[in-house]
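The values are calculated or read from the model by the stated rules, or taken from the named source; none is laboratory data. This one's a predicted model, so the numbers in the text were calculated from it and none came from an experiment. Don't worry about glycine lacking a Cβ; one is built from the backbone with ideal geometry, like all the others, and counts go over all protein chains shown. Quick note on the areas: whole protein, heavy atoms, side chains included, nothing else; ligands and nucleic acids left out. Shrake-Rupley method; radii C 1.70, N 1.55, O 1.52, S 1.80 Å.
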Amino acid sequence: VVMQVKSFNQVSIKLYRKLKEVTEDPSKSELVKSVEIVALLNDKTVDEVLHLPIPEFNSLVAETSFLDHPKLENLKATAPRFIKIGDQKFSLELDVYKWSTARFIDFQTFIKEGSRPEDKMYCNALACILVPEGKEYGKDYDPLEVARFLEDNLDIVTANWVFFYWKRRWLGSLKVIQSYLTWILKKAQKKDLKVKEVVDKIIQETGSLYWT
(Lines give C-alpha, C1' and ligand atoms only; values in the text may rest on other atoms or scores of the structure.)
Protein backbone atom coordinates (compact mmCIF):
# COMPACT_ATOMS: atom_id res chain seq x y z
CA VAL A 1 0.00 0.00 0.00
CA VAL A 2 1.32 3.44 -0.97
CA MET A 3 0.47 6.24 1.45
CA GLN A 4 -2.18 8.45 -0.18
CA VAL A 5 -1.83 11.52 2.05
CA LYS A 6 1.77 12.53 2.69
CA SER A 7 1.56 16.16 3.79
CA PHE A 8 -0.81 18.71 5.29
CA ASN A 9 -1.29 20.15 1.80
CA GLN A 10 -3.38 17.04 1.12
CA VAL A 11 -5.35 17.15 4.36
CA SER A 12 -8.80 18.70 3.95
CA ILE A 13 -10.45 20.52 6.84
CA LYS A 14 -12.86 17.59 7.26
CA LEU A 15 -10.02 15.07 7.36
CA TYR A 16 -8.08 17.27 9.78
CA ARG A 17 -11.05 17.25 12.15
CA LYS A 18 -11.29 13.47 12.01
CA LEU A 19 -7.55 13.12 12.66
CA LYS A 20 -7.69 15.51 15.60
CA GLU A 21 -10.64 13.63 17.06
CA VAL A 22 -8.62 10.42 16.97
CA THR A 23 -5.36 11.86 18.32
CA GLU A 24 -7.04 13.63 21.23
CA ASP A 25 -9.19 10.69 22.34
CA PRO A 26 -7.83 9.69 25.79
CA SER A 27 -9.72 6.38 25.71
CA LYS A 28 -7.61 5.01 22.83
CA SER A 29 -4.15 3.51 23.03
CA GLU A 30 -1.36 4.83 20.79
CA LEU A 31 -1.53 1.64 18.72
CA VAL A 32 -5.26 2.00 18.13
CA LYS A 33 -4.74 5.64 17.20
CA SER A 34 -2.05 4.66 14.70
CA VAL A 35 -4.38 2.13 13.07
CA GLU A 36 -7.18 4.68 12.74
CA ILE A 37 -4.84 7.41 11.45
CA VAL A 38 -3.41 5.10 8.78
CA ALA A 39 -6.97 4.20 7.79
CA LEU A 40 -8.01 7.86 7.51
CA LEU A 41 -4.93 8.89 5.50
CA ASN A 42 -5.45 6.06 3.03
CA ASP A 43 -9.24 6.11 2.77
CA LYS A 44 -9.43 2.60 4.18
CA THR A 45 -11.46 0.96 6.89
CA VAL A 46 -9.89 0.04 10.22
CA ASP A 47 -10.52 -3.61 9.36
CA GLU A 48 -8.54 -3.29 6.13
CA VAL A 49 -5.61 -1.79 8.01
CA LEU A 50 -5.73 -4.53 10.65
CA HIS A 51 -5.28 -7.12 7.90
CA LEU A 52 -2.10 -5.52 6.57
CA PRO A 53 1.22 -7.35 7.16
CA ILE A 54 3.07 -5.82 10.14
CA PRO A 55 6.07 -4.54 8.07
CA GLU A 56 3.68 -2.77 5.69
CA PHE A 57 1.70 -1.29 8.57
CA ASN A 58 4.88 -0.05 10.29
CA SER A 59 6.03 1.57 7.06
CA LEU A 60 2.74 3.45 6.72
CA VAL A 61 2.88 4.57 10.35
CA ALA A 62 6.36 5.99 9.74
CA GLU A 63 4.95 8.07 6.87
CA THR A 64 2.44 9.73 9.21
CA SER A 65 5.27 11.62 10.94
CA PHE A 66 4.36 14.81 9.04
CA LEU A 67 1.38 15.13 11.40
CA ASP A 68 3.81 15.98 14.20
CA HIS A 69 5.17 19.01 12.35
CA PRO A 70 2.33 21.30 11.24
CA LYS A 71 3.51 24.50 9.53
CA LEU A 72 2.49 27.20 7.10
CA GLU A 73 3.95 25.79 3.91
CA ASN A 74 4.27 27.71 0.65
CA LEU A 75 3.39 31.02 2.33
CA LYS A 76 3.95 33.93 -0.04
CA ALA A 77 4.74 37.48 1.07
CA THR A 78 1.81 38.86 -0.93
CA ALA A 79 -1.66 37.35 -0.71
CA PRO A 80 -2.96 36.06 -4.07
CA ARG A 81 -6.13 37.58 -5.50
CA PHE A 82 -7.62 34.22 -6.36
CA ILE A 83 -7.37 30.66 -5.06
CA LYS A 84 -8.32 27.53 -6.99
CA ILE A 85 -9.88 24.87 -4.81
CA GLY A 86 -10.79 21.65 -6.57
CA ASP A 87 -12.54 22.67 -9.77
CA GLN A 88 -13.65 26.07 -8.45
CA LYS A 89 -11.96 29.47 -8.29
CA PHE A 90 -12.43 31.84 -5.36
CA SER A 91 -11.64 35.50 -4.82
CA LEU A 92 -9.62 36.16 -1.65
CA GLU A 93 -11.35 39.26 -0.24
CA LEU A 94 -9.35 40.57 2.72
CA ASP A 95 -10.36 44.23 2.87
CA VAL A 96 -13.19 44.40 5.41
CA TYR A 97 -13.82 48.05 4.51
CA LYS A 98 -15.20 46.78 1.20
CA TRP A 99 -17.49 44.29 2.92
CA SER A 100 -21.16 44.95 3.55
CA THR A 101 -22.25 45.40 7.17
CA ALA A 102 -24.22 42.14 6.99
CA ARG A 103 -21.15 40.27 5.81
CA PHE A 104 -19.01 41.70 8.59
CA ILE A 105 -21.64 40.74 11.16
CA ASP A 106 -21.73 37.21 9.71
CA PHE A 107 -17.95 36.97 9.99
CA GLN A 108 -17.85 38.27 13.56
CA THR A 109 -20.59 35.81 14.55
CA PHE A 110 -18.77 32.86 12.97
CA ILE A 111 -15.25 33.75 14.08
CA LYS A 112 -16.29 33.90 17.74
CA GLU A 113 -17.14 30.20 17.51
CA GLY A 114 -14.81 29.18 14.71
CA SER A 115 -11.29 30.56 14.93
CA ARG A 116 -9.70 27.06 14.80
CA PRO A 117 -10.04 24.40 12.09
CA GLU A 118 -11.73 22.00 14.51
CA ASP A 119 -14.41 24.55 15.41
CA LYS A 120 -17.88 24.12 13.96
CA MET A 121 -18.11 27.60 12.39
CA TYR A 122 -14.54 27.73 11.01
CA CYS A 123 -15.60 27.04 7.41
CA ASN A 124 -18.46 29.53 7.67
CA ALA A 125 -15.93 32.21 8.64
CA LEU A 126 -13.72 31.18 5.71
CA ALA A 127 -16.72 31.50 3.39
CA CYS A 128 -16.91 35.19 4.34
CA ILE A 129 -13.37 35.70 3.01
CA LEU A 130 -13.45 33.33 0.03
CA VAL A 131 -16.11 34.26 -2.51
CA PRO A 132 -16.78 32.38 -5.78
CA GLU A 133 -15.13 34.19 -8.68
CA GLY A 134 -17.39 36.77 -10.28
CA LYS A 135 -19.89 36.70 -7.41
CA GLU A 136 -20.82 39.21 -4.73
CA TYR A 137 -20.99 37.80 -1.20
CA GLY A 138 -24.32 36.10 -0.55
CA LYS A 139 -25.83 36.98 -3.95
CA ASP A 140 -26.80 34.29 -6.48
CA TYR A 141 -25.19 31.60 -4.31
CA ASP A 142 -25.45 30.18 -0.80
CA PRO A 143 -22.44 30.88 1.50
CA LEU A 144 -23.42 27.81 3.54
CA GLU A 145 -22.89 25.63 0.46
CA VAL A 146 -19.49 27.27 0.00
CA ALA A 147 -18.66 26.50 3.64
CA ARG A 148 -19.51 22.83 3.08
CA PHE A 149 -17.45 22.80 -0.13
CA LEU A 150 -14.47 24.30 1.70
CA GLU A 151 -14.74 21.72 4.48
CA ASP A 152 -14.53 18.90 1.94
CA ASN A 153 -11.99 20.37 -0.48
CA LEU A 154 -9.83 23.08 1.10
CA ASP A 155 -6.56 21.79 2.53
CA ILE A 156 -5.63 22.82 6.05
CA VAL A 157 -2.45 24.63 4.98
CA THR A 158 -4.28 26.95 2.58
CA ALA A 159 -7.04 27.49 5.16
CA ASN A 160 -4.46 28.56 7.73
CA TRP A 161 -2.74 31.03 5.46
CA VAL A 162 -6.06 32.53 4.35
CA PHE A 163 -6.64 33.47 7.98
CA PHE A 164 -3.01 34.55 8.34
CA TYR A 165 -3.38 37.00 5.45
CA TRP A 166 -6.73 38.23 6.79
CA LYS A 167 -5.34 38.87 10.28
CA ARG A 168 -2.31 40.66 8.85
CA ARG A 169 -4.54 42.96 6.76
CA TRP A 170 -6.91 43.57 9.68
CA LEU A 171 -4.11 44.42 12.13
CA GLY A 172 -2.59 46.74 9.54
CA SER A 173 -5.93 48.51 9.19
CA LEU A 174 -6.21 48.89 12.97
CA LYS A 175 -2.79 50.59 13.10
CA VAL A 176 -3.95 53.12 10.51
CA ILE A 177 -7.12 53.78 12.52
CA GLN A 178 -5.11 54.15 15.73
CA SER A 179 -2.72 56.62 14.13
CA TYR A 180 -5.62 58.67 12.80
CA LEU A 181 -7.44 58.70 16.16
CA THR A 182 -4.21 59.68 17.91
CA TRP A 183 -3.79 62.60 15.53
CA ILE A 184 -7.41 63.67 16.12
CA LEU A 185 -6.97 63.53 19.90
CA LYS A 186 -3.73 65.48 19.86
CA LYS A 187 -5.39 68.13 17.73
CA ALA A 188 -8.52 68.24 19.88
CA GLN A 189 -6.69 68.48 23.21
CA LYS A 190 -5.20 71.80 22.17
CA LYS A 191 -8.71 73.27 21.93
CA ASP A 192 -10.52 71.45 24.74
CA LEU A 193 -9.18 71.06 28.28
CA LYS A 194 -11.51 68.10 28.93
CA VAL A 195 -10.01 66.21 25.99
CA LYS A 196 -6.55 67.06 27.30
CA GLU A 197 -7.49 65.57 30.70
CA VAL A 198 -8.59 62.32 29.01
CA VAL A 199 -5.39 62.15 26.93
CA ASP A 200 -3.23 62.84 29.99
CA LYS A 201 -5.02 60.05 31.86
CA ILE A 202 -4.43 57.57 29.00
CA ILE A 203 -0.73 58.41 28.96
CA GLN A 204 -0.52 58.21 32.75
CA GLU A 205 -2.17 54.77 32.90
CA THR A 206 -0.65 53.16 29.82
CA GLY A 207 2.54 55.10 29.22
CA SER A 208 1.46 55.85 25.66
CA LEU A 209 -1.29 57.45 23.64
CA TYR A 210 -1.35 54.38 21.37
CA TRP A 211 -3.75 51.56 22.16
CA THR A 212 -2.47 48.00 22.05
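How much accessible surface does GLU113 have with a 1.4 Å probe, in Å² rounded to 10?
120 Å²
Region 107-172: which trypsin sites (Lys or Arg not before Pro) are DSSP loop and have at most 12 other beta-carbon atoms within 10 angstrom?
On the way: sites: LYS112, LYS120, LYS135, LYS139, ARG148, LYS167, ARG168, ARG169; in loops: LYS120, LYS135, LYS139.
The qualifying sites are LYS120, LYS139.
Which value, in debye to the nearest 20, describes the size of the charge dipole of region 39-113 about its Cα centre when Lys and Arg Cβ atoms bear +1, Asp and Glu Cβ atoms bear -1, and nothing else is charged? Spell out each step's value before the answer.
Numbers: 9 positive and 12 negative charges, 131 e Å.
I would put it at about 640 debye.
If you roll a 1.4 angstrom probe over the protein chains with everything in place, what fraction of the accessible area of region 10-112 belongs to carbon and sulfur, to the nearest %?
Numbers: 3570 of 6620 Å².
Carbon with sulfur: 54 percent of the solvent-accessible area.
Per residue, how many Å² of accessible area does region 2-84 show with a 1.4 Å probe? Don't skip to the answer; put the middle values down first.
Numbers: 5380 Å² over 83 residues.
Per-residue accessible area for region 2-84 comes out at 65 Å².
Net charge near MET121, counting Lys/Arg +1 and Asp/Glu -1 over other residues with Cβ under 9 Å of its Cβ? Don't jump to the answer; show the numbers that get you there.
Details: positive: LYS112, LYS120; negative: GLU113, ASP119.
Here the charged neighbours net out to 0.
Under 25 °C and 0.890 mPa s, how fast does region 95-171 diffuse according to Stokes-Einstein, given a Kirkwood radius computed over C-alpha pairs? Answer in µm²/s, whole number.
On the way: Rh = 12.6 Å.
D = 195 µm²/s.
Evaluated at 10 °C with a viscosity of 1.306 mPa s, what Stokes-Einstein diffusion coefficient in µm²/s does region 1-140 have when Rh comes from the Kirkwood expression over alpha-carbon pairs?
90 µm²/s
Spin-label point model (7 Å from Cα, Cβ direction): what's the THR23 to GLU48 distance in nm?
Going from the THR23 label point to the GLU48 one covers 2.3 nm.
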